[in-house]
Structure formats: structure tokens, C-alpha cells
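First comes the structure, then the notes that go with it.
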Amino acid sequence: MKESKQFTRESANILMEAAELQERKGQDYQNPLSRVRQADHYPRGVYTILDTINGKMLRMYSVLETMEAGGKVNFESVEDSAIDMINYASFLVAYMRGEIDGQEMGKDIFNRRTSKETHPTTQLYPTKFREITKAPSIKDFAPGAALGPFEGIVAQEDSVGKYVPTGRFAE
């Protein structure tokens, strides 16, 4: 669906087209009469969104290879899939920010419950929830204590009391 041009760059007009499509589709996917919220579509948080983006990319490869071989494409075009990818990329950013309808405080960007043991910093919290949620400080861990499920990652701090990665995560 092409609307009137508002920008000098066609790529910016395509972003507007994607936004308009997202608004129209959203009325079906997040209907006020339904209990289903947008976050419910992403049980693994950003990983689910990335899987969907990957599926769209694979669809585009398949369609392009079919076209190149002289075959007929029956349904969704490469352009349709690309616009869907734009929208899913925007969902990923919105999820990272904690702005997807139905996201819960107390869950990270992978839709996992957060705790002191699993989240020694707020890095994996959606941006919106970072200020609200008090992340555990390095001082909440004994020096040398294991941090999370990764063997060899221990609590250490630098001169200003910030977490210093060790083991395989050290730079």
C-alpha cells in the first residue's frame, strides 16, 4: 500500500508504509475484545522476535531463488516480507525498551523472571524497568562468589565498585 510521499528519500516513505501496516495489523492481533496482549506472541522475548525476523529473511531467500530460477511466487512478495522485517525489528527495539503491551516488570528481555542470582546487573532488563527495578549490586555478592550459571565467572569489583567480568567474559 503506497501512501502519498512525505519524505524525499523513498526508504523513509517505506518506513511510514511499514508503520501504517503495523497499525492496521495491530487491530487484529491486539483486539481489545481479546485477552491476548502483544507480549504473549513472544514467549522467549527478543529471541522469539529474532526467530521471526530470521523466518522472514529465509522466506525472502526462498522467493528470490524461485524468481531467479524462473518460478512463480504465489503469495507474499519479497517487498512484503521486507516490510514485515522492518516491523519486527521495531518490535524488538520496543521490547528492549519495555514498551510492548503486556510486558511484565520483573522479567528480562528474554521473558525470564529476574532475581539477584540470575541478574547481577540491570543490563538485561528492558530500559523502562531499569530505573524502577533495583538491580543487585556487586556488594550483594561475596568476593569470589559465582555469578549466575557460568562457571568461572566470579564477583570482583574495580576501584569504583563496579562489576568486573572474569573468566571467558573478560575482555
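A short reminder: the numbers here are calculations on the coordinates, not readings from a lab. Note that the coordinates shown come from a computational prediction; the quantities given were computed from them, not determined experimentally. All Cβ positions, glycine included, derive from the backbone under ideal geometry; neighbour counts span all protein chains shown.
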Could you put LEU33, LEU64 in order, starting from the residue whose Cβ has the fewest other Cβ atoms within 10 Å? LEU33, LEU64
Counting only Cα atoms, I'd like the Rg/Rh figure for region 10-97, Kirkwood definition for Rh. 1.02
About the Cα centre of region 1-136, how large is the charge dipole given +1 on each Lys and Arg Cβ and -1 on each Asp and Glu Cβ? Please answer in debye to the nearest 20. 600
Name the residues whose placed amide hydrogens come within less than 5 Å of the amide hydrogen of ARG37, ignoring near sequence neighbours (fewer than 5 apart) on the same chain. none
Cleavage-rule hits (trypsin sites (Lys or Arg not before Pro)) in region 47-136: DSSP loop, at most 11 neighbouring Cβ within 10 angstrom: LYS72, LYS134
Length-normalised contact order for region 10-97 - Cα pairs under 8 Å, 6+ apart - percent: 35
I'd like the GluC sites (Glu not before Pro) in region 53-119 restricted to DSSP loop residues with at most 15 other Cβ atoms within 10 Å, sorted by number. GLU76, GLU99, GLU104, GLU117
Give the distance, in whole Å, between the Cα centre of region 1-41 and the Cα centre of region 97-117. 24
